[in-house]
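Asks: Starting off with a structure, shown below.
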Amino acid sequence: MLSVIIPHYQGKRLLQQCLHSLFENWVSRSPASAPPIPSERSDAWLPLFNSLELIIVDNNSADGSRKFLNKLNSNFQTSSRHPDFSTKSKSSGSSVDGVPGMVIRHPLKMLKKFQHDNGDGNKQHDILSHYPESPPRHPESPPRHPELVSGSSEGGKLTTMVVHPAEDAEPSATMSEDQHDNNVAIPDNIEIKTILNKTNLGFAKAVNQGARLARGDYILVLNDDVRLAPDWLAEMEKTIKSRKGKKVAAYGGVILNGSGKRLESLGLRYNMAGRAENTGNGELWVKAQKKYQRWLAAPHFILGPNGAAAVYRRDIFLKLGGFDESLFAYLEDVDFALRLWNSRWQAVFVPGAKAFHFGGATSGKMGNLRQRMAVRNWWWLLIKNYPLRIFWKHGPEILLERMRNAAYLIKNTKKGEWPATLKWCGQNLLKLPAIWKQRKPLPRLAKVKRGTLS
């Protein structure tokens with residue numbers, strides 16, 4: 001099983017498009033389209049991921065996203081249940097957001113078209129045409145029952161929806177245009193779970209919530225403003241399967257900007273002065289394909305994947321503590337990549353897996369949040385991870401980088417934002433003693449002779 005974790009805050013339309021690209025990937029890599037299984041190697045064509053678990057963690061969106069999720073829920077009808085549990089399951093034994101247990105529903109057959117822009121100007125696309133019909137069920141076979149999944153959500157409301165197609169369901173003839181716009185067709189073999197947080201807990205904590213609830217061997221951390229190329233999952237699955245059993249715990253691919261014209265990342269690089277770089281960031285994709293021809297030729301090792309679309313082994317992700325929740329958002333992928341590298345686990349770049357990132361779609365609506373996070377999180381990352389000898393060795397370079405972060409914040413802070421920004425800076429200065437106590441220096445960093453890790 002592959003568990004996909006999508007932290008979400010605002011941006012309902014982008015979330016819909018993200019889900020469409022994910023479902024399209026899931027169907028296109030269906031085993032039904034694979035070549036016949038060779039007799040001498042019975043597992044040669046078996047998929048690594050037999051089912052998909054989708055976990056959407058909403059951080060109290062106020063732009064209609066909750067309405068969309070509720071409408072998504074409304075496309076699910078309460079189905080027959082195992083006699084051992086009721087609508088609000090007693091099996092989980094926990095109270096989440098004041099609601100004991102979880103509600104488990106089956107979907108109605110959704111035959112409406114999903115509105116999206118696929119890049120060629122055609123915004124109407126019948127995605128159900130890509131989905132194979134469910135196999136007929138024997139008339140005497142018993143009805144399928146959903147599987148109960150228990151979990152908790154640390155301050156959030158957890159709703160679990162185990163998805164199977166309802167064979168006898170019909171589309172609603174009275175569906176409004178608004179409902180039409182909010183429907184997403186869901187293929188087979190997918191479980192959908194939503195965690196509805198009461199407040200914005202940040203990207204890092206939302207991912208950790210999903211990872212603790214997930215059941216897959218691998219988790220795909222996916223930004224809600226990312227669209228996957230149709231063969232992204234097939235390419236990723238092929239590479240993961242070829243590296244299974246080896247000391248690899250992270251995978252990432254090519255990330256382009258929303259238009260596909262510019263490159264955003266070919267993986268992370270790290271400078272000991274406290275500067276992270278996305279290889280190829282900002283370069284024209286047409287030219288970058290020639291410049292990085294050898295880089296793009298075959299899968300190879302990198303420091304870590306860009307967190308916009310990254311696959312991790314779930315057991316290793318949890319063992320290393322997941323993303324650092326004190327960072328809230330930004331640099332959590334860099335921080336985790338360093339801890340992964342320090343633990344001698346490897347990350348692999350998958351050149352055939354391309355994704356399109358509409359970066360800043362959320363933070364761009366939140367004033368100078370990105371700049372504030374850059375100033376604070378770099379200090380947090382260095383204080384918690386750096387052995388003291390690195391501060392002595394790279395002190396001037398580190399201070400220069402932090403001054404650049406501060407200048408970036410000053411430049412992008414509007415006049416009316418200064419009172420709140422100064423208050424925020426003061427609050428975080430008071431947190432420094434607590435951050436210092438959380439220090440867990442990474443020994444391997446002290447042995448780095450060159451200035452850059454890649």
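The values are calculated or read from the model by the stated rules, or taken from the named source; none is laboratory data. Please read these numbers as outputs of a predicted model, since none were measured by experiment. Backbone-built Cβ (ideal geometry, glycine too); neighbour counts: all protein chains shown.
Asks: Spot the failing condition for residue 408; the list is (1) more than 15 Å from residue 381 (Cβ to Cβ); (2) not in a helix (DSSP H, G or I), and only one is missed.
Replies: Here residue 408 clears every test but (2).
Asks: Would you be able to say whether some residue in the range 348-358 is modelled with pLDDT under 95 and crowded, with 18+ Cβ neighbours inside 10 Å?
Replies: Yes; the residues of the range 348-358 include at least one that is modelled with pLDDT under 95 and crowded, with 18+ Cβ neighbours inside 10 Å.
Asks: Any idea which of 276, 288 is crowded, with 17+ Cβ neighbours inside 10 Å and within 25 Å of residue 396 (Cβ to Cβ)?
Replies: Answer to the check: 276.
Asks: Another one. Look through 439, 370, 444, 450 and report the one residue that is surrounded by fewer than 16 Cβ atoms within 10 Å (Cβ to Cβ), under 24 Å from residue 267 (Cβ atoms), in contact with a helix residue (DSSP H, G or I) (Cβ under 9 Å, 6 or more places away or on another chain) and not small (Gly, Ala, Ser).
Replies: 444 is the lone residue from the list that is surrounded by fewer than 16 Cβ atoms within 10 Å (Cβ to Cβ), under 24 Å from residue 267 (Cβ atoms), in contact with a helix residue (DSSP H, G or I) (Cβ under 9 Å, 6 or more places away or on another chain) and not small (Gly, Ala, Ser).
Asks: Next question, about the same structure. Of the residues 434, 420, only one is under 30 Å from residue 15 (Cα atoms) and surrounded by fewer than 14 Cβ atoms within 10 Å (Cβ to Cβ); which?
Replies: 420
Asks: Could you go through the range 242-262 and let me know if any residue there is hydroxyl-bearing (Ser, Thr, Tyr), touching a Pro at 6+ places or on another chain (Cβ under 8 Å) and at pLDDT 95 or above.
Replies: The answer is yes; a qualifying residue exists.
Asks: Residues that are closer than 21 Å to residue 10 by Cα, at pLDDT 95 or above, out of contact with any helix residue (DSSP H, G or I) (no Cβ under 8 Å at 6 or more places or on another chain) and not acidic (Asp, Glu): does the range 312-323 have at least one?
Replies: Checked against the condition, which is being closer than 21 Å to residue 10 by Cα, at pLDDT 95 or above, out of contact with any helix residue (DSSP H, G or I) (no Cβ under 8 Å at 6 or more places or on another chain) and not acidic (Asp, Glu), the range 312-323 yields no hits at all.
Asks: Looking at (1) farther than 21 Å from residue 336 by Cα; (2) at pLDDT 95 or above, which is the only condition residue 401 fails?
Replies: (1)
Asks: So how many residues does the range 209-252 have that are closer than 12 Å to residue 348 by Cβ, among the hydrophobic types (A, V, I, L, M, F, W, C) and part of a helix (DSSP H, G or I)?
Replies: 2
Asks: When you go through 41, 13 one by one, which is the residue that is at negative phi and at pLDDT below 90?
Replies: When all the criteria are applied, what remains is 41.
Asks: Quick one: residue 47 ticks every box in (1) touching a Pro at 6+ places or on another chain (Cβ under 7 Å); (2) modelled with pLDDT of 90 or more; (3) of a type outside the set (S, T, N, Q); (4) not in a helix (DSSP H, G or I) except a single one, so which number is it?
Replies: (2)
Asks: Can you find, within the range 436-454, the residue that is farthest from the chain's Cα centre (by Cα) among those that are part of a loop (DSSP other than H, G, I, E, B) and closer than 18 Å to residue 275 by Cα?
Replies: Here the answer is 449.
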